[in-house]
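> Structure provided below as C-alpha cells; questions to follow.
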Amino acid sequence: SRGLGDVYKRQGLPILTGEGLFLCGRGETKRSGNNRKITGIGGHMEDFTYKNTKYRSAVVVNGMSMAGPRAHFRGMGLSNEELRKPFIGIINTHNEMHPGHVHLDKLAEQVKAGVSEAGGVPFEINTISICDGFTQGHAGMCSVLPSREVITDSIEVYVNAHMLDGLVLLGGCDKIVPAMLMAMLRINIPAILVTGGPMIPAVYQSKSYATYELKEMAGKLLKGEISKEEYEEMEGIMSPGPGSCAMMGTANSMSIAAEAMGLTLPGCAGAHAVAGKKKRIARQSGVRIVSLVEENICPRDIVTQEMLELSARVCVSVGGSTNITLHYPAIAREGRLHMTMNELGEISKTTPYLAKIKPSGVHTMLDFDEAGGVGAVLKALSGMADLDLMTVNGKTHRQNADRLTSWNQEVIRTVEHAYAPEGSIAVLHGNLAPKGCVVKQSAVVAQMRKHTGPARCFECEEDAVKAIYEGAVKDGDVIVIRNEGPKGGPGMREMLTATAALVGMGYSETVALITDGRFSGATRGPCIGHISPETSQRGPIAALQDGDRISIDIDGGSLSVELSEDEIEGRLKKLPEFQYKITEGYLYRYAREVSSADEGAVLK
C-alpha cells in the first residue's frame, strides 16, 4: 500500500513487490542477472539471515521480507540470538477436565526447560483431548474415536504452518497417544513423544483397584452384595490422582506401543504421572529433541516395518487392548507401512502372554513399572525378535534393555514361563464377520472360549444395559449390540457400560456379547467387537434376529450364525435403506468418509 511505502521510504527500508525487491529513499539496488543485492542503509542481505537453512524455521525469520515475524518474536521477548536457534514445538493436550491430562502443564514446563538447556527455543501449543471416562454410556462417546483424526490434523496444520523444526508431544490417553503417533509419522520431522503416565492404583481395604472396577460395582450394589455406603466410599477413592486409568486399557497399551516403537525415551510408558521419574523423562526429552533436529533423525527413520511389528508384539504380550487393531493400521498408514487387523492377529498367535495386568489379572501398572516395564518385556522377547533397532535416544532397544537394573519375573514372565502361548487378542472370521472381528482373549475364561447360544438383539448400547440391569438376560445368551460401527454409531462407541454391567450382574462367565462397536481396554469376558462389515454397511450382523444360534470359537478363530447364506441375504434385502443418525457437523462428515473397522476406521 502507498501508506506502508511512505513509511518505508522515510526509514530507507526495502519494499518487496511482485516485480522484485527495491530500496526506496536512501541507498541503491544493484542487479546481477536476476539476483539483486541491497546496499545502503539496509546493508547486505546477509544481515537479515538469522538461521542456517537446514532449519525449517529459517523461512520464517530469514530475509528482509520476514521483518514482520521477527517483530512478533521480539515483541514476545525473544532476542536476536534466540532467532538463530531451532524452534521446538511442545504439542500439549493439557486440559482441566481430564485426569489423564490435567498434569501435563507441569510436564510441559520440564520439557521447555530441557529444550532451552540444550540450545533450542520452545513454543507450547495446545490441542484437544477427550476423556473416555466422561463419555461412557451416552452420545458423547460418538465423538471420541473421531477426535483421533481431529488431533492428528490439528497438529499437522499448525506445525506445517509455523514451520517448526522439531516436536515434543505430550499426551496420555486412548485416542490421544495414537493420534500423536499418527501426526509424528505424517509430518515426519524430528519428534519425541512424552506420555503422561498411568494413575496410581486406588487402595480400598488393602486391595488395589483401577477405575473401571467401580463400574462393575454398580451391579454388585443392585444385587445387594455391597452397601450404598461402601459404593460411595469407593467412588471417592477410585480415581486417586492424575494419569491414565491404572490398568492395561487402550491408554497404557498405546503408551507401551509408543515406547516399543522407539518414539519415547526408555521407561516412559510405565513412569507414573506423579513420579519424579516422569518429570525427569520430560526434561530429558526436551534436551534430546534438539540433538534429533541437529542430526535430522525423523520418526520414519525409526519406525520401520520391523520396528512396527516388534512394537505390536510387545503390546499383545502384555495384554494390549482390542483397540490396538484400530490404531496400528492408522499409524502404519501414516508411516507408509502396513499393519492390518489380520496381521495383528497373526502376530498375537506367535507371541507369548507375559504380563497379566488388570483387567486381565491382579497386577497393576505400578507393578508393571516396578518389574522393569517395557525394557523387561523386550528382554523377555529378545530370543524371538530383533532388538538391534534404533530409538529416539540414539541407542538400540537392546542397548536400552541391557541397562535395566531390575526385572521381576513374577510380574513380567519369561517366554518359558508365559501365562499362555498366545498374546492378548484373537481375530475371528466367519459368516457373521466376513472381514473380521476381534476379542481380548486374555480376559476370557476357559469355559467361554467356545460357546453357542441364542441371540438377544439390541439396536444400541443403552437398550442392552437396561435389559442387563433388569435381569432380562439369561445364562447362555449372546447379546448383540449393533448400529454402533464407525459409520452407523457414528464414531464406533465403546460398550464398557454394557460389559461392566455383565460383570457386575455376574454374567461375565456365562453370557457373550458381540457388536460392530468397540470395547474399552477395561472389558472382561467373551466380548467380541469391530465386526466388519458393520450394520450400516449391511454386514451379516444386520440380519440377526432374536433366537438365532450364534457360535463363538476363539481357539478356532470363528464367529458364525446357524443360518444359510441365502437366508442371510434374503433378510438383508428386506432391510430399509441406511440413514445417518447425524446429518450435520463434523460427525456427519466423519460418518460419510470413515473406513471400516478392519481398516482402522481411518478417513481416506
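> Among what's in segment 386-416 and is part of a helix (DSSP H, G or I) and among the charged types (D, E, K, R), pick the residue that is most open to solvent (accessible area, probe 1.4 Å).
For segment 386-416, the residue satisfying everything is Glu416.
> Sticking with this structure for a sec: Quick check on my filter: what residues within segment 466-502 are open to solvent by 20 Å² or more (accessible area, probe 1.4 Å), not basic (Lys, Arg) and not in a loop (DSSP other than H, G, I, E, B)?
Matches in segment 466-502: Tyr469, Thr497.
> Condition (residue is in contact with a Lys or Arg (Cβ under 6 Å, 6 or more places away or on another chain) and under 26 Å from Ser406 (Cα atoms)) applied to segment 332-348: is it met by at least one residue?
Checked against the condition, which is being in contact with a Lys or Arg (Cβ under 6 Å, 6 or more places away or on another chain) and under 26 Å from Ser406 (Cα atoms), segment 332-348 yields no hits at all.
> Within the set of pairs 6 or more residues apart or between chains, which connect a residue that is within 14 Å of Asp153 (Cβ to Cβ) inside segment 578-604 to a residue that is β-branched (Val, Ile, Thr) with Cβ atoms less than 7 Å apart?
Leu603/Val594
For every residue, the table says whether it meets (1) in contact (Cβ under 8 Å) with a residue 60 or more places away in the chain; (2) among the hydroxyl-bearing types (Ser, Thr, Tyr); (3) under 30 Å from Val293 (Cβ atoms).
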site: Met390; (1), (2), (3): yes, no, yes
site: Gly394; (1), (2), (3): yes, no, yes
site: Arg403; (1), (2), (3): yes, no, yes
site: Ala420; (1), (2), (3): yes, no, no
site: Ser424; (1), (2), (3): yes, yes, no
site: Cys437; (1), (2), (3): yes, no, no
site: Ala467; (1), (2), (3): no, no, no
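> Applying the selection to segment 322-333, what residues are surrounded by 22 or more Cβ atoms within 10 Å (Cβ to Cβ) and assigned to a helix (DSSP H, G or I)?
Of everything in segment 322-333, those that are surrounded by 22 or more Cβ atoms within 10 Å (Cβ to Cβ) and assigned to a helix (DSSP H, G or I) turn out to be Ile324, Thr325, Leu326, His327, Tyr328, Pro329, Ala330, Ile331, Ala332.
> Kindly establish whether Gly570 is open to solvent by less than 50 Å² (accessible area, probe 1.4 Å) and outside any loop (DSSP other than H, G, I, E, B).
For Gly570, the condition - open to solvent by less than 50 Å² (accessible area, probe 1.4 Å) and outside any loop (DSSP other than H, G, I, E, B) - is met.
> Being outside any loop (DSSP other than H, G, I, E, B) and under 20 Å from the mean Cα position of the chain (by Cα) is true for just one of Glu309, Glu294. Which residue is that?
Result: Glu309 is the single residue among Glu309, Glu294 that is outside any loop (DSSP other than H, G, I, E, B) and under 20 Å from the mean Cα position of the chain (by Cα).
> Next up: Looking at segment 104-124, which of its residues are open to solvent by less than 20 Å² (accessible area, probe 1.4 Å) and more than 17 Å from the chain's Cα centre (by Cα)?
Leu107, Ala108, Val111, Gly114, Val115, Gly120, Val121
> Any idea how many residues of segment 209-230 are open to solvent by less than 50 Å² (accessible area, probe 1.4 Å) and either modelled with pLDDT under 90 or among the aromatic types (Phe, Trp, Tyr) (or both)?
10
> A further question follows. With respect to Leu337, is the statement that it is surrounded by fewer than 20 Cβ atoms within 10 Å (Cβ to Cβ), modelled with pLDDT of 95 or more and more than 29 Å from Ala210 (Cβ to Cβ) true?
yes
> Shifting gears a bit: Let me confirm something: among Gly361, Gly375, Gly383, Gly319, which residue is assigned to a loop (DSSP other than H, G, I, E, B), out of contact with any His (no Cβ under 8 Å at 6 or more places or on another chain), closer than 29 Å to Ser208 by Cα and open to solvent by 10 Å² or more (accessible area, probe 1.4 Å)?
So the residue among Gly361, Gly375, Gly383, Gly319 that is assigned to a loop (DSSP other than H, G, I, E, B), out of contact with any His (no Cβ under 8 Å at 6 or more places or on another chain), closer than 29 Å to Ser208 by Cα and open to solvent by 10 Å² or more (accessible area, probe 1.4 Å) is Gly361.
> Among the numbered criteria (1) of a type outside the set (Val, Ile, Thr); (2) surrounded by fewer than 22 Cβ atoms within 10 Å (Cβ to Cβ); (3) at pLDDT 95 or above, which one does Gly506 miss?
(3)
Yes or no, residue by residue, for (1) within 22 Å of Ala271 (Cα to Cα); (2) modelled with pLDDT under 95; (3) in contact with an Asp or Glu (Cβ under 7 Å, 6 or more places away or on another chain):
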| residue | (1), (2), (3) |
| --- | --- |
| Met341 | no, no, yes |
| Lys358 | yes, yes, no |
| Met365 | yes, no, no |
| Gly372 | yes, no, no |
| Ala380 | yes, no, no |
| Arg398 | yes, no, yes |
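> Okay, moving on. Picking from Val274, Val293, which residue would you name as being out of contact with any helix residue (DSSP H, G or I) (no Cβ under 8 Å at 6 or more places or on another chain) and either closer than 21 Å to His363 by Cβ or at pLDDT below 95 (or both)?
The unique qualifying residue is Val274.
> Turning to a different aspect of this structure: Return the residue satisfying two criteria in turn: it lies in segment 417-430 and is outside any loop (DSSP other than H, G, I, E, B) and under 20 Å from Thr351 (Cβ atoms), and of such residues it is most open to solvent (accessible area, probe 1.4 Å).
His417
> Which of the residues belonging to segment 249-259 are polar (S, T, N, Q) and in a loop (DSSP other than H, G, I, E, B)? Before you say what the answer is, go through the steps one by one.
Going through segment 249-259, the residues polar (S, T, N, Q) turn out to be 250, 252-253, 255.
None; the set is empty.
> Output yes when any residue across segment 176-197 is more than 18 Å from the chain's Cα centre (by Cα) and touching a residue at least 12 places away in the same chain (Cβ under 8 Å), and no when none is.
Scanning segment 176-197, I find at least one residue that is more than 18 Å from the chain's Cα centre (by Cα) and touching a residue at least 12 places away in the same chain (Cβ under 8 Å), so the answer is yes.
> Go through (1) in contact with a Leu (Cβ under 8 Å, 6 or more places away or on another chain); (2) open to solvent by less than 30 Å² (accessible area, probe 1.4 Å) and name the single condition Val144 misses.
(1)
> Among the candidates Ala500, Ala512, single out the residue that is in contact with a His (Cβ under 6 Å, 6 or more places away or on another chain) and either closer than 23 Å to Ala542 by Cβ or not acidic (Asp, Glu) (or both).
Working: Ala500 fails: in contact with a His (Cβ under 6 Å, 6 or more places away or on another chain).
None of the others qualify; the one that does is Ala512.
> Looking only at segment 113-127, which residues are within 25 Å of Asn95 (Cβ to Cβ) and part of a helix (DSSP H, G or I)?
Ala113, Gly114, Val115, Ser116
> Filter segment 533-549 down to residues that are surrounded by fewer than 22 Cβ atoms within 10 Å (Cβ to Cβ), in a loop (DSSP other than H, G, I, E, B) and on the phi < 0 side of the Ramachandran plot and give me whichever is nearest to the chain's Cα centre (by Cα).
Only one residue fits best here, namely Pro533.
> A further question on this structure: Of all residues in segment 582-604, count the ones that are open to solvent by 80 Å² or more (accessible area, probe 1.4 Å), part of a loop (DSSP other than H, G, I, E, B) and either under 29 Å from Ile425 (Cβ atoms) or of a type in the set (Asp, Glu) (or both).
Selection size over segment 582-604: 2.
> Among the residues of segment 47-104, which ones are free of Cβ contacts under 8 Å to residues at least 40 places away in the same chain, aliphatic (A, V, I, L, M) and not in a helix (DSSP H, G or I)?
If the condition is that a residue be free of Cβ contacts under 8 Å to residues at least 40 places away in the same chain, aliphatic (A, V, I, L, M) and not in a helix (DSSP H, G or I), then Met76, Met97 are the ones that fit.
> Residue by residue through segment 147-183, note down the ones that are over 26 Å from Gly585 (Cβ atoms) and surrounded by fewer than 22 Cβ atoms within 10 Å (Cβ to Cβ).
His162, Met163
For (1) over 30 Å from Gly224 (Cα atoms); (2) outside any helix (DSSP H, G or I); (3) not β-branched (Val, Ile, Thr), each residue gets a yes or a no:
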position	(1), (2), (3)
Ser508	no, yes, yes
Gly521	no, yes, yes
Ile528	no, yes, no
Ile531	yes, yes, no
Ser551	yes, yes, yes
Leu563	yes, yes, yes
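> Open to solvent by 10 Å² or more (accessible area, probe 1.4 Å) and farther than 22 Å from Gly361 by Cβ, is that true of Leu263?
It is false that Leu263 is open to solvent by 10 Å² or more (accessible area, probe 1.4 Å) and farther than 22 Å from Gly361 by Cβ.
The values are calculated or read from the model by the stated rules, or taken from the named source; none is laboratory data. Not measured: the values here are computed from a predicted model. Counting neighbours? That spans all protein chains shown, and the Cβs are built from the backbone with ideal geometry, glycine included. Just the protein is used for accessible areas: all its heavy atoms, side chains included, with ligands, DNA and RNA removed. Shrake-Rupley method; radii C 1.70, N 1.55, O 1.52, S 1.80 Å.
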